[in-house]
Each structure stands twice: as C-alpha cells, then as structure tokens.
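Worksheet: one structure, shown below.
Computed from the coordinates by the stated procedures, all read-outs in this text should not be read as laboratory data. All values reported here derive from a predicted model rather than from experimental measurement. No Cβ is skipped: glycine too gets one built from the backbone with ideal geometry, and neighbour counts run over all protein chains shown.
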Amino acid sequence: APKAYDYASKRDSLMKTASESLREREKKSEIMYDRSLQAFERRERMKLDMTRCAGKNVGQMQAAQYRKAKIEDFNRGRRSQVRSKYLERVSRKKSSCERKKKEVREEYFEKERMRAIRVESHKSYLKSIVSKARERNRLLAESSPMVTEVAKGHWDRVCRLAAERSRKHAYAAEVRSQ
C-alpha cells in the first residue's frame, strides 16, 4: 500500500523553518541596531572631542579658519583670473574667426567678379567669332558659282558643279591618304 502523506510532520518542519528564519531576521536586525547605535555613539564622542579641542585651542582654530579664508580668497582670485584669461582667449578666437570669415567672403566676391568679367569677355569674343563666321559665309556664298547658278535656276549646271566639287574632294582625300 502506498505510504500515506504525513501532513503533521510536513507542517511541523514548515513551522520550524519559519521560526528559524524569523529568529535569524531578528538576530540580523539586532546586529544592525547595535551597529547604528555604535556609529551614533562614535559620532557623538567625536563631536564632544572636537568641542573640547575647540575649548582648548581657540587660537589654533582661529588660525586654521584664517588660513582657510586666505586660501579661499586666493582661489577666488585665481578663478576670476583664469576666467578672465579664458574669456580673453575666447574673444580673440572669435575676432580672428570673424576676420577669417571676412577675408574668405572678400576673396569669394573678388573671384566671382573676376569670373563675371571673364564670362563677359568670352561672350564678346564668341560674338565676334560668330559675326566673323557669318560674314565669311556670306562672302563665300556670294562668290560661289553654285550659289549664283541656284539663284538663276540653272539646275543642270548646279548638278555639274556639285559633281565636280565631290570629285575634287575625293581626289584630295586620295592624295592625303598616299
């Protein structure tokens, strides 16, 4: 037969572990309390010692305070000095930066101006080239026998001239290739 589950023993063991854990917790809390109490007592003792010292060595305490004040003053002065130096450096940097910006801007505008001048001169140069080419073409057209024939409407002569020209071109190409 299967063994019956022993509820009573299980319950007892649970109760035992619970009470043990409780005891441990209590012990821990006692330790913590003791420690905090000791720390508090130590602090109080230190305060007492300090007041006793103060009572004994008022002159020393005053000297220490004076020294501390002097050091603080010096530090304050030093800080302000350092700050002023820093601000001066920053302003110098800023002004140099502004100067550089200005120079760059001026240089850029100068370059742009020069470019515009170059573009304009190039445009005029191109215009002159175009006008010259047009003039040359007009003169060529006027002097060309083919144009005059076309103007007269003698198409057979036009064809003959064109054939002649193509023959000349072919002959020139042949000569060049040799």
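Computed from the C-beta positions of Arg115 and Asn137, the FRET efficiency with R₀ = 25 Å rounds to 0.20. With no solvent and one point per C-alpha, what does the Debye sum give as log10 I(q)/I(0) for the range 10-56 at q = 0.13, 0.21, 0.24, 0.31 Å⁻¹? Taken in order of the listed q values, log10 I(q)/I(0) reads -0.51, -0.74, -0.81, -0.96.
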